[in-house]
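Input: a single structure, listed below in structure tokens.
The values are calculated or read from the model by the stated rules, or taken from the named source; none is laboratory data. Keep in mind that this is a model prediction, so the values were computed, not measured. Virtual Cβ from ideal backbone geometry, glycine too; neighbours counted across all protein chains shown. Areas reflect the complete protein model, heavy atoms only, side chains present, ligands, DNA and RNA absent. Shrake-Rupley method; radii C 1.70, N 1.55, O 1.52, S 1.80 Å.
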Number of protein chains: 2
Amino acid sequence: MEVANEETKTMPQPITMRGGDGPLSYAQNSSLQKGVVDATKGMMIHAIANKLDMEKLCSETFRIADFGCSIGPNTFFSLQNIIHAVEQTNHGNSATSPEFQLFFNDHSSNDFNTLFKSLPPSWPYFVAGVPGSFYGRLFPKSSIHIGHSSNALQWLSKVPEQVVDCNSSAYNSGSIYCTGIETEVGKAFASQFENDMESFLNARAEELVNGGLIVIVMGGIPDGISLSQTAIGKFYHLFGSCLLDLTDKGLIKEEKVKSFNLPLYFPSAKQLKALIERNGRFSIESFDEITEQVKGVAALPSAQNYISHVRAGFEGLIKEHFGNEMVDEFFAYYAKKHIETGFVFGENAAENTLIFIILKRI
Amino acid sequence: MEVANEETKTMPQPITMRGGDGPLSYAQNSSLQKGVVDATKGMMIHAIANKLDMEKLCSETFRIADFGCSIGPNTFFSLQNIIHAVEQTNHGNSATSPEFQLFFNDHSSNDFNTLFKSLPPSWPYFVAGVPGSFYGRLFPKSSIHIGHSSNALQWLSKVPEQVVDCNSSAYNSGSIYCTGIETEVGKAFASQFENDMESFLNARAEELVNGGLIVIVMGGIPDGISLSQTAIGKFYHLFGSCLLDLTDKGLIKEEKVKSFNLPLYFPSAKQLKALIERNGRFSIESFDEITEQVKGVAALPSAQNYISHVRAGFEGLIKEHFGNEMVDEFFAYYAKKHIETGFVFGENAAENTLIFIILKRI
């Protein structure tokens, strides 16, 4: 049995969102992700209500797990939506209304203290936090009825070694993210994503009860488009250029930038579907690629707000690789360049997509 | 259903041990409690092996919960001991070896981040943290096979109102802890303990599977002896005298000391047994009162070490009531007085006892 609390031995330090509830925290800077929750709420409730076979799953306890929960409040909204859907499905059957037990999973470096303190008051559910990587096993066999993962599976378990190895043909020279599709770099990232996704699906297949559902919401890119052509890619380009600028200014060592890449991958819907089918342990009950909504979701009120989101999401990653000392100066420089270059997310870029999937354990 | 994450609404701010893993933390200052784990290890393994009916409990997943786990490492030792006992009982039946899922419970103000980061590496068990008061429900019905609580049930859910009410006949004038037995103060503390223990037993009765066990280890006092005559009472007296001294010196307001009492109660074995029998939802499988071992356990190597333990255990309580500002000065004063008065734990005092109980859900 591979258990996820071994992560510290076998994996590089995992990245989690900025903790606490201060002005720079993820808790205060996750409205973009909240948009995703809202955009998919109706779809999710409808799909669960249609696909969940409550008679088959009948159980005194109904267990729901959020994989990659971060520190709230979005995880609370998502799980509440799922519970509504389950209760609707179970409507008229109040004699057998189950007790809900909710599991919040993220890396052990996640700020669970803040998560627990911000639980909705008087929530009538049993809750638990589960530390560990969702690329390994986290729960006993056949113990989860619905799994959920939103905005999390784009985070790879690690950066593929080749892309930061100067001697490799897949060395990602001068860039910090997955550029290209059929390039060596693109293939290295894709291969890492495929391995990780396979691990995720295999672990969940063990943990879900037969007939249990898993809801996946994750960012994607249109088929045949490179990440660098998309809104997200253009942001990564700006972000990476700040690291290069500060190398020129002597704040960061060149080797450190050369060995840095973002452990992120956005698949095409086609690629993701093929992966799930090849894995074969789940039936695809619902598969949607959303573009229009993403545009609305991504329309942030101000550059300053966007900048705060960026820091909440990436500070841990930057600190882990470059050390504590340069963090404030780096994000100050990034904010300045963001504003001075008039960066607008999504401008002159191909749209990113949002992939919404419901799988059933077969 | 009363769920424990409502605690912030219905209870005073709960007290938890000092977090982190620095020199003043509970993690670094819990060797006294580790002594209790060691002293009861053999008894626990023997009793579980004798009392656990594995055939009746047969399950793919074996769930164990520690109630009042604090931040480690003692909780890891205790649960590991329980797992050894279960595995011994199940010996020769490796085909049906269960998967273990361990739940660590404490108040939501507990430092779960430190707990999760200090999990033993490569532990082959599934783990989860469960925030909330163990005087309310924390788990779904019939979902736990063995519950455990060590050095936790002496913490009351709150200080009885009367003992800090100047107008009450049970006002605990000039003292910060439960003095006396048949006094009004003693009765008020005893009544609070009885209510809390009843809540604990009722909640666990719902959560444990039929035939499931609960292991309770807690401090007690010999029948007919007042806490003030015991080693622990004499320490509380010293501790409280420091608050009074600092009131005289003007560092603390008199009203603040008058409204402060330790939410702690140590029952006699007789009283605790009667409570469990009156509750009636568990059979008493094992009930021991240990005195000699406690003496050994309490033999701390140095006054300085003892002082560190005191701060790790009581800093949260003092901070919550008196505010942040006086904490360092208070503990410095306490350390000075401890050393100057030549305080030795257990000297000229009646022995405290350790009560070790195994209950079975009937």
Could you check A:Phe77 against (1) modelled with pLDDT of 85 or more; (2) within 23 Å of B:Ser143 (Cα to Cα) and say which number it fails? (2)
Identify, please: which residue in segment A:115-137 is more than 8 Å from every other protein chain (Cβ to nearest Cβ) and farther than 21 Å from B:Tyr125 by Cβ and is, among those, most open to solvent (accessible area, probe 1.4 Å)? A:Ser118
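Regarding segment A:239-246, can at least one residue be identified that is of a type in the set (A, V, I, L, M) and open to solvent by 40 Å² or more (accessible area, probe 1.4 Å)?
Filtering segment A:239-246 down to residues of a type in the set (A, V, I, L, M) leaves A:243-244, A:246.
Then keep just the ones that are open to solvent by 40 Å² or more (accessible area, probe 1.4 Å); that gives A:244.
So far as segment A:239-246 goes, yes, one or more of its residues are of a type in the set (A, V, I, L, M) and open to solvent by 40 Å² or more (accessible area, probe 1.4 Å).
Residues are listed down the side, and each one gets a yes or a no for (1) closer than 17 Å to B:Gly240 by Cα; (2) at pLDDT below 90; (3) under 19 Å from the mean Cα position of the chain (by Cα); (4) among the aliphatic types (A, V, I, L, M):
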residue	(1), (2), (3), (4)
B:Glu285	no, no, no, no
B:Asp288	no, no, yes, no
B:Phe322	yes, no, no, no
B:Glu329	yes, no, no, no
B:Lys337	yes, no, no, no
B:Thr341	yes, no, no, no
B:Ile362	no, no, no, yes
Provide a single number: the residues in segment A:139-154 that are touching a helix residue (DSSP H, G or I) at 6+ places or on another chain (Cβ under 9 Å), more than 14 Å from every other protein chain (Cβ to nearest Cβ) and not β-branched (Val, Ile, Thr). 7
Is it the case, given these coordinates, that A:Glu347 is at pLDDT 90 or above and open to solvent by 10 Å² or more (accessible area, probe 1.4 Å)? no
I'd like the full set of residues that are open to solvent by less than 40 Å² (accessible area, probe 1.4 Å) and of a type in the set (A, V, I, L, M), limited to segment A:214-225. A:Ile214, A:Val215, A:Ile216, A:Val217, A:Met218, A:Ile221
Of the residues in segment A:94-106, those that are at pLDDT below 95 and more than 9 Å from chain B (Cβ to nearest Cβ) come to A:Ser94, A:Ala95, A:Thr96, A:Ser97
Residue count, segment B:245-258 (criterion: within 20 Å of B:Asp165 (Cα to Cα) and either in a loop (DSSP other than H, G, I, E, B) or within 26 Å of the chain's Cα centre (by Cα) (or both)): 5
Condition first: open to solvent by 50 Å² or more (accessible area, probe 1.4 Å) and among the hydroxyl-bearing types (Ser, Thr, Tyr). Now tell me which residues in segment B:260-293 satisfy that. B:Thr291
B:Gly211 is checked against (1) open to solvent by 10 Å² or more (accessible area, probe 1.4 Å); (2) at positive phi and fails just one. What number does that condition carry? (1)
So which of B:Leu213, B:Leu201, B:Leu208 ends up being among the aliphatic types (A, V, I, L, M), under 17 Å from the mean Cα position of the chain (by Cα) and farther than 19 Å from B:Tyr334 by Cβ? B:Leu201
When (1) of a type in the set (Val, Ile, Thr); (2) part of a loop (DSSP other than H, G, I, E, B); (3) in contact (Cβ under 8 Å) with a residue 60 or more places away in the chain are applied to B:Ile358, the one that fails is (2)
Test: residue in segment A:75-90 that is free of Cβ contacts under 8 Å to residues at least 12 places away in the same chain, within 13 Å of chain B (Cβ to nearest Cβ) and not hydrophobic (A, V, I, L, M, F, W, C): no
